[in-house]
Amino acid sequence: MQSHPEQAVRAMLEAERHPGPSLVIAHSPCIAHGYDLVQSPHQQRRTVDSGLWPLYRFDPQRVDQGETPLMLDSGAPTLDVADAMAAEGRFRMVELRDPDRYRQLLQAARDAVRQRQALYEQLSHIHLPPEHHG
């Protein structure tokens, strides 16, 4: 929310306009993340830029307008996952305690980012037939 406030506001306004239940999932850092929370906007931007926290919106009403319901608001990752994780004490603790395990988890996180990005890219191009009411 702090790194891309315009996207957060857009998501909340769309959720409010939706004629039914809406869900907004927002990154909310806490002291357990292991960095000075004054740095939250910067760290949240790193998290988005690395693909660990993609920004997207899903609005089923867009189907009736002939548009795709999933909109990706963050592009492809531009920062390595390791750079985002290095700024947080919770990840550094794992690295210090068990470097081999950390490398495995880091690679798993990189793989997950690539797979999720590819999936979301595909989903963001799917057009569904409009519902006919009546």
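The values are calculated or read from the model by the stated rules, or taken from the named source; none is laboratory data. Please read these numbers as outputs of a predicted model, since none were measured by experiment. Cβ atoms come from the backbone with ideal geometry, glycine included; neighbour counts cover every protein chain shown.
I'd like to check something: does the range 106-113 contain any residue that is among the β-branched types (Val, Ile, Thr) and within 20 Å of ILE25 (Cα to Cα)? Step through it out loud before you land on a result.
Start the filter on the range 106-113 by keeping residues that are among the β-branched types (Val, Ile, Thr), which leaves 113.
Of the ones still in play, those that are also within 20 Å of ILE25 (Cα to Cα) are 113.
The answer is yes, given that some residue of the range 106-113 is among the β-branched types (Val, Ile, Thr) and within 20 Å of ILE25 (Cα to Cα).
Taking the criterion of being modelled with pLDDT under 95 and among the polar types (S, T, N, Q), the only residue of the range 74-130 that qualifies is SER74. Looking only at the range 2-35, residues that are over 30 Å from LEU96 (Cβ atoms) and crowded, with 16+ Cβ neighbours inside 10 Å come to 5 in all. Screening the range 77-104 for residues that are under 16 Å from the mean Cα position of the chain (by Cα) and in a loop (DSSP other than H, G, I, E, B) and picking the one that is surrounded by the most Cβ atoms within 10 Å (Cβ to Cβ) gives PRO77. Entry remark, the range 105-123: residues being of a type outside the set (Phe, Trp, Tyr), farther than 19 Å from GLN44 by Cα, in contact (Cβ under 8 Å) with a residue 24 or more places away in the chain and surrounded by 15 or more Cβ atoms within 10 Å (Cβ to Cβ) number 0 in total. Within the range 7-24, the presence of a residue that is more than 15 Å from the chain's Cα centre (by Cα), at pLDDT below 90 and not small (Gly, Ala, Ser) is excluded. Total residues in the range 36-76 satisfying the condition of being in a loop (DSSP other than H, G, I, E, B), surrounded by 15 or more Cβ atoms within 10 Å (Cβ to Cβ) and within 15 Å of the chain's Cα centre (by Cα): the figure is 8. Screening GLY51 with (1) at negative phi; (2) modelled with pLDDT of 95 or more gives one miss only, at (1).
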